Amino acid sequence: MFTSLTNQTPTPTAPCSNEIVPEQQTSQANQPPRKLYAEVVVNIPLQKIFHYSIPTHLRDSLISGMRVKVPFGNKAVTGFCVGFTDTPLPYKLKDIISVIDKTPLADDVMLKITKWISSHYYCGWGEAINAVIPPVARRDVKEKVEFFVTRCDALLALDENTLLQIKKRAPKQAKALEFLLENAGEISARELIHISGCAMPGLRQLEKKGFLAINNKSPHIADTTCDFGPLQQHLTFTEEQQNAFDIINRRLAQPKPGVILLHGITGSGKTEVYLQSIAKALEQGRKAIFLVPEISLTSQTIQRIKARFNNVAILHSHLLGTFHYSQWIDIKENKVDIVIGARSSIFAPLKNVGLVIIDEEHENTYKQENNPRYNARDVAILRATYENAMVILGTATPSLETYYHATLGNYEKIVLSRRIGNQQLPPIEIVDMGEEVRKRRGHHIISQRLGYYMNQALSRNEQVILFLNRRGFAPYLHCKRCGFVLKCRKCDIPMTFHKKLNTALCHYCHAEAPPLESCPDCMTGNINYRGFGTEKIEDEIIAKFPQYKILRMDSDTMRARNAHEKALTAFERGDVQILLGTQMIAKGLDFPNVTLVGVISADTILNLPDFRASERTFQLISQVAGRTGRGPKGGRVVVQSFNPRHYSITYAAAHDYEGFAKKELEYRKQLNYPPFGKLARIVFRSQTEDKAKEKSSVVSEKLKEIAKTNGNQLEILGPSPAPVTKINDMFRWHLLLRAQNHNSIHDALQGISDMLKPSKSVQSMVDVDPYMML
Ligand code: ADP
Ligand code: ZN
């Protein structure tokens, strides 16, 4: 049993994302209490603070934000000290065993932010701290040695035959060699092992044969550019940019600069406004954080920033799982001016932040889909409030939440309505695929219209981008005779056929199954490969346009390191005429020779059971369309759909964001969905369906009781089976809480907290302000 357990759950002020306000300074902050007892949180999913007494010899060294070793149950665990009290508790407390850090890992702002995350997103405070302090920083202060691999001359001299032999004998070693053949430079052994599957002993064998060299060294600041080489000059603003900048500049000088929505159409030059705003913040002696939706997809933007500033740190978190220790320390020690990174970079230990920029603020990737399920945009606004910094939310298609705040006057909106050089936005034509089927008496992936424009553009040596939000060859293996669909055995999801791999894949749990020829159910029918993904389109294009080169960019083809950069360079150079891809190619790309964009199907998202489906469809079409018409040759967009009259498509085709937002807000208001009502989703997972169902109904009954006592401020939708009823052998039921404000949601969650405790038979997952509805 825990001796030092209190039920004094902290109740931090829990601002809703539309009214994020910092906590009041407590009297404790002004008058440091005597350090008799420490408040400690540990990494468990409970919103509880535990108290320990501080032995006299540790009283001077312990500061909040440091880690401590504490007795917990019958073990010793690591926790974070989050505060102190000198009020004696009515029971005997255990002593802190030791203090781990010499300096705090989390400063006061980070403690406040994590406390807010824990109460707003319903997770443990300890869990929140653990999630925002990267593991490298938590490692004991000695640096970890890492191995790096480079190729040697012997590898470059390797002939095909020898490579083939290695391939037969040791396919994973061959894969590592192939990777090195394609990639000059250095790769961490961990990444190479991840990519090739060849473990360290295999790499050592290759080293012995002289194909590669392995060096060990401390992870260095590979991506902090501190060189003082010549920097590029800022561009001269257009009038619109100048206006935008003037407003930002004025606000930056204010003590509480607030939030700006920079609503600029694609190609309107938002990046230049960001860059000069950063320069202004730096001039004032402050620092900047620049958030991008995904590092690997935004290399053009990152290059532009690096070309203008020194002391830029780019935080990669994908393959290495975390960013480098020395980089974290560099940031903490004020050696870095600008931090660029994906959502977790909002927790960078930068001091004196004056400006946070969130590029493409509407992107889903800012929402973390595992615990703590925070939205980096909302955390950024909170952090900026604590640090009196400015936030710029930049996008061509604001999320409705952000747009609504701007209409309420919570954020100042600045509009960039024209493209640089007065380029026109491309005309968007909608092709009714239903009519196409009737006209041509059958399904064709590429409509006659799109085919015609492709021929035109390609014959003029221009380039084409084709977009489809679905990878693989065919999303269904289906028996025409009995209706059987091949589903994953562990998930309730049709498997996608991948032709190159010659296998059916589950996109949820990655299970594989051999492709089928005849139906395993009725034993007589032939299996039909229905629907299409990027892989099938690639085949179709190769057949139809054999004289042109096509490049497919999706997560199947872009596994290798630097694959994105290489692909985009090939496209930029004109080695490739047709770029085909998933959402990977929807944003950020700026290639003037692209005169045609084809959206193969606008329906993939529209048909999802998600209240954001229309919004996401509108955003995607607008973003993809933004990839063309960027040069003197102009551009055009063709959108294929079976719902050609859907308002998300027609407004996108008319480049009418305001029209779309107005209509969508009406719907959201009627249905009380965000930005009006606030939501929380609870998913119950169990190996037995009955248990998931039973738990969800018990919880929902309790919630309905709570709703009654709170004047029915709270609605409970469901419980029902989740749209994806089973993932990885776990059955899923869910319910949705909807309320007028976050407080009602938080109160309700507190009211059922006992029922949500981790249990073996049913796991429950709470998601406040959810994005994933499947
Ligand atoms: P957005 O991010 O709004 O889509 P970009 O920042 O990519 O737009 O700008 C589009 C193009 O216009 C880029 O090639 C950029 O270098 C160029 N550009 C931006 N501002 C200016 C300017 N003031 N003068 C000249 N070129 C500019
Ligand atoms: Zn599966």
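The values are calculated or read from the model by the stated rules, or taken from the named source; none is laboratory data. As the structure is a computational prediction, the values presented were derived from the model and not from experiment. When we count neighbours, we look across all protein chains shown, and the Cβ atoms used for this are built from the backbone with ideal geometry, even at glycine. All accessible areas refer to the heavy atoms of the entire protein, side chains included, with ligands and DNA or RNA removed. Shrake-Rupley method; radii C 1.70, N 1.55, O 1.52, S 1.80 Å.
For the stretch 267-298, give me each residue that is more than 24 Å from the chain's Cα centre (by Cα) and farther than 27 Å from E239 by Cβ.
Matches in the stretch 267-298: G285, R286.
Return the residue satisfying two criteria in turn: it lies in the stretch 89-115 and is touching a Ser or Thr at 6+ places or on another chain (Cβ under 8 Å) and outside any loop (DSSP other than H, G, I, E, B), and of such residues it is farthest from E369 (Cα to Cα).
Looking at the filtered set, the residue picked out is D95.
Which pairs turn up if I take residues in the stretch 598-626 that are free of Cβ contacts under 8 Å to residues at least 24 places away in the same chain and closer than 25 Å to Q448 by Cβ and look for partners that are of a type in the set (S, T, N, Q) and surrounded by fewer than 24 Cβ atoms within 10 Å (Cβ to Cβ) with beta carbon separation below 9 Å, at least 6 apart in sequence or on another chain?
N607/N643
Kindly state which helices (runs of 4 or more DSSP H) lie completely within the stretch 570-659 and contain at least 3 residues that are polar (S, T, N, Q).
On the way: elements: 603-606, 613-625, 647-653.
The helices (runs of 4 or more DSSP H) meeting that bar are 613-625.
Looking at the stretch 364-393 only, could you name the residues that are buried (at least 24 other Cβ atoms within 10 Å of the Cβ), more than 18 Å from H120 (Cβ to Cβ) and in contact with a Lys or Arg (Cβ under 8 Å, 6 or more places away or on another chain)?
The answer is A389, M390, L393.
Rundown of residues vs (1) open to solvent by less than 30 Å² (accessible area, probe 1.4 Å); (2) modelled with pLDDT under 80; (3) among the polar types (S, T, N, Q), yes/no style:
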| position | (1), (2), (3) |
| --- | --- |
| D556 | no, no, no |
| A560 | no, yes, no |
| H564 | yes, no, no |
| A567 | yes, no, no |
| E572 | no, no, no |
| Q577 | no, no, yes |
| L580 | yes, no, no |
| A586 | yes, yes, no |
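Would you please list the contacts, defined by Cβ atoms under 7 Å and residues six or more apart or on different chains, that run from a residue in the stretch 411-432 that is open to solvent by 50 Å² or more (accessible area, probe 1.4 Å) to a residue that is basic (K, R) and away from ligand 1 (no atom under 13 Å from the Cβ)?
Close Cβ pairs (under 7 Å, with a partner that is basic (K, R) and away from ligand 1 (no atom under 13 Å from the Cβ)) amount to P427/R636.
Please enumerate the residues belonging to the stretch 538-554 that are open to solvent by 40 Å² or more (accessible area, probe 1.4 Å) and among the β-branched types (V, I, T). Working first, answer last.
Within the stretch 538-554, the subset open to solvent by 40 Å² or more (accessible area, probe 1.4 Å) is 539-540, 542-544, 546-549.
The one that is open to solvent by 40 Å² or more (accessible area, probe 1.4 Å) and among the β-branched types (V, I, T): I542.
Failed condition for I465, given (1) at pLDDT 85 or above; (2) open to solvent by 20 Å² or more (accessible area, probe 1.4 Å), with all others met?
With (1) at pLDDT 85 or above; (2) open to solvent by 20 Å² or more (accessible area, probe 1.4 Å) applied to I465, the lone miss is (2).
Just for the stretch 676-715: of the residues that are over 27 Å from C488 (Cβ atoms) and touching a Lys or Arg at 6+ places or on another chain (Cβ under 6 Å), which one is most open to solvent (accessible area, probe 1.4 Å)?
My answer is E715.
When residues of the stretch 529-555 are filtered for being among the polar types (S, T, N, Q) and in contact with an Asp or Glu (Cβ under 7 Å, 6 or more places away or on another chain), how many remain? Give the derivation first.
Here is the first cut: in the stretch 529-555, the ones among the polar types (S, T, N, Q) are 534, 547, 555.
Imposing the further condition that a residue be in contact with an Asp or Glu (Cβ under 7 Å, 6 or more places away or on another chain) reduces the set to 534.
Summing the residues that are among the polar types (S, T, N, Q) and in contact with an Asp or Glu (Cβ under 7 Å, 6 or more places away or on another chain) in the stretch 529-555 gives 1.
Just the residues that are part of a loop (DSSP other than H, G, I, E, B), of a type in the set (A, V, I, L, M, F, W, C) and either modelled with pLDDT of 85 or more or open to solvent by less than 30 Å² (accessible area, probe 1.4 Å) (or both), please, taken from the stretch 122-151.
As a first pass, look at the stretch 122-151 and keep what is part of a loop (DSSP other than H, G, I, E, B): 122-124, 133-134, 139-145.
Remaining after also requiring of a type in the set (A, V, I, L, M, F, W, C): 123, 133, 141, 145.
Hits for the stretch 122-151 are C123, I133.
Of (1) open to solvent by 20 Å² or more (accessible area, probe 1.4 Å); (2) within 16 Å of ligand 2 (Cβ to nearest atom); (3) within 30 Å of L589 (Cβ to Cβ), H498 satisfies all except one. Which?
For H498, the exception is condition (1).
Within the stretch 746-763, does at least one residue satisfy the condition of being part of a strand (DSSP E or B) and in contact (Cβ under 8 Å) with a residue 24 or more places away in the chain? Full working, then the answer.
Taking the stretch 746-763 and keeping what is part of a strand (DSSP E or B), we get 762-763.
Filter once more, keeping what is in contact (Cβ under 8 Å) with a residue 24 or more places away in the chain: 762-763.
Yes, some residue in the stretch 746-763 is part of a strand (DSSP E or B) and in contact (Cβ under 8 Å) with a residue 24 or more places away in the chain.
Contact list please: Cβ distance under 6 Å, first residue in the stretch 170-183 and surrounded by fewer than 19 Cβ atoms within 10 Å (Cβ to Cβ), second residue not charged (D, E, K, R), pairs at least six apart or on different chains.
K172/S196; K172/G197; K172/C198; K175/S196
Looking at the stretch 250-272 only, could you name the residues that are touching a residue at least 60 places away in the same chain (Cβ under 8 Å), of a type in the set (D, E, K, R) and more than 6 Å from ligand 1 (Cβ to nearest atom)?
Across the stretch 250-272, the qualifying residues are R251, K256.
If I go through the stretch 277-294 residue by residue, how many of them are surrounded by fewer than 20 Cβ atoms within 10 Å (Cβ to Cβ) and either within 14 Å of ligand 1 (Cβ to nearest atom) or assigned to a helix (DSSP H, G or I) (or both)?
Narrowing the stretch 277-294 to residues surrounded by fewer than 20 Cβ atoms within 10 Å (Cβ to Cβ): 279-280, 282-285, 294.
In the following step, the residues that additionally are either within 14 Å of ligand 1 (Cβ to nearest atom) or assigned to a helix (DSSP H, G or I) (or both) were identified as 279-280, 282-283.
Result for the stretch 277-294: 4.
Given the condition among the acidic types (D, E) and in a helix (DSSP H, G or I), answer yes or no: does some residue in the stretch 723-744 qualify? If you could, list the steps in order and put the result at the bottom.
Going through the stretch 723-744, the residues among the acidic types (D, E) turn out to be 729.
Subsequent filtering for residues that are in a helix (DSSP H, G or I) retains none.
Checking the stretch 723-744: not a single residue is among the acidic types (D, E) and in a helix (DSSP H, G or I).
How many residues are crowded, with 17+ Cβ neighbours inside 10 Å and either touching a residue at least 60 places away in the same chain (Cβ under 8 Å) or among the hydrophobic types (A, V, I, L, M, F, W, C) (or both) when one looks only at the stretch 521-530?
1
Pull out all pairs, ordered by first then second residue, where Cβ-Cβ is under 8 Å, the residues are six or more apart or on different chains, the first lies in the stretch 230-249 and is near ligand 1 (Cβ under 9 Å from one of its atoms), and the second is open to solvent by 40 Å² or more (accessible area, probe 1.4 Å) and assigned to a helix (DSSP H, G or I).
Short answer, once both residue conditions are applied: T238/I420.
Which numbered condition in (1) modelled with pLDDT under 85; (2) outside any loop (DSSP other than H, G, I, E, B) is the only one that F323 fails?
Of the numbered conditions (1) modelled with pLDDT under 85; (2) outside any loop (DSSP other than H, G, I, E, B), the odd one out for F323 is (2).
Which residues, counting only those in the stretch 34-87, are at pLDDT below 90, surrounded by fewer than 16 Cβ atoms within 10 Å (Cβ to Cβ) and within 26 Å of Y122 (Cα to Cα)?
G73
Taking S641 as the residue in question, decide whether it is in contact with a Ser or Thr (Cβ under 6 Å, 6 or more places away or on another chain) and open to solvent by less than 60 Å² (accessible area, probe 1.4 Å).
On the way: in contact with a Ser or Thr (Cβ under 6 Å, 6 or more places away or on another chain): no; open to solvent by less than 60 Å² (accessible area, probe 1.4 Å): yes.
Answer is no for this residue.
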